[in-house]
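Student: Can you read through this structure? Questions will come right after.
The values are calculated or read from the model by the stated rules, or taken from the named source; none is laboratory data. In this text, all values refer to a predicted model and were calculated from it rather than measured experimentally. Here Cβ is always computed from backbone atoms with ideal geometry, including for glycine, and neighbour counts include all displayed protein chains. Heavy atoms of the whole protein, side chains included, go into the accessibility calculation; ligands, DNA and RNA do not. Shrake-Rupley method; radii C 1.70, N 1.55, O 1.52, S 1.80 Å.
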Amino acid sequence: MSGEVFTSRRRVRFADCDAAGIVFFPRYFEMLNGVVEDWFAGPLEASFRELHLNRHVSVPTAAVEARFIAPSRLEDDLTFALTVTRLGGASCGLRHRISAGDQLRFEATQTIVHVGASLKPEPWPEPLRVRIAPFVETAP
């Protein structure tokens with residue numbers, strides 16, 4: 001698998017954990033949303049503020065599939081890696097891998113869709129499509 005990888009890091013906070021001190025599973029989905037938001041604001045140069053408030057478009061999640069591999073605990077330092085599995089007309093497939101050191105903790109695939117104010121799918125604007133393209137996974 002090649003293509004650019006967007007990475008970010010985050011420490012597990014007390015608010016992320018359940019009574020056993022491990023990440024409560026829905027928190028991973030909140031973390032993924034934060035990674036996607038950072039990816040848009042960073043290399044895609046289209047912050048959620050710009051998308052939602054100025055352009056009146058959004059990128060909601062249409063599908064997500066997750067696999068919980070090992071628990072993450074309070075104060076673990078997590079690394080998030082995002083790549084693109086598919087770039088369609090209005091949709092985009094994402095692959096997420098969360099690890100702590102060399103240990104994979106969680107992985108997910110997610111489909112986001114570019115939608116307009118009508119909440120109907122609209123093609124990716126060409127400047128955004130061009131910025132997403134380098135993250136598309138290619139066969140080795």
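Student: Just from its helices, what would the mean residue ellipticity at 222 nm be for the chain, if runs of 4 or more DSSP H residues each count -39500 (n - 2.57) and the sum is divided by every residue, rounded to the nearest 500 deg cm²/dmol? All intermediate terms of the calculation are to be shown ahead of the outcome.
Tutor: Details: 2 runs with 24 residues, N = 140.
So the helix-based figure for the chain works out to -5500 deg cm²/dmol.
Student: Under a 5 Å amide H to amide H cut-off, with H placed in plane at 1.01 Å, what residues pair with residue 76 once short-range neighbours are removed?
Tutor: Amide H neighbours of residue 76, under 5 Å, 5+ apart: 12.
Student: Percent antiparallel among DSSP beta bridges with both residues in region 63-140, to the nearest 5? Present the calculation step by step, with values, prior to reporting the outcome.
Tutor: On the way: 25 of 26 bridges.
Antiparallel bridges make up about 95 percent of those DSSP assigns within region 63-140.
Student: So what's the gap between the Cα centers of region 1-49 and region 74-140, to the nearest angstrom?
Tutor: Using only Cα atoms to place each centre, the spacing works out to 11 Å.
Student: Might you report the magnitude of the Cβ-based charge dipole of the chain about its Cα centre, with Lys and Arg at +1 and Asp and Glu at -1, to the nearest 20 debye?
Tutor: Dipole of the chain, to the nearest 20 debye: 120 debye.
Student: On average, how much accessible surface per residue is there in the chain, in Å², for a 1.4 Å probe, leaving out ligands, DNA and RNA?
Tutor: Values: 7740 Å² over 140 residues.
Per-residue value: 55 Å².
Student: State, to one decimal in nm, how far the label point of residue 50 lies from the label point of residue 103, with both points 7 Å from Cα in the Cβ direction.
Tutor: Modelled inter-label distance: 3.8 nm.
Student: If amide hydrogens are placed 1.01 Å from N in the peptide plane, which non-local residues have theirs closer than 5 Å to the one on residue 4?
Tutor: Answer set, sorted by chain and number: 135, 136.
Student: Between residue 88 and residues 5 or more places away or on another chain, which pairs have amide H atoms under 5 Å apart, with H built 1.01 Å from N, and which residues are they?
Tutor: Amide H to amide H, under 5 Å and 5 or more residues apart or across chains, residue 88 pairs with 93.
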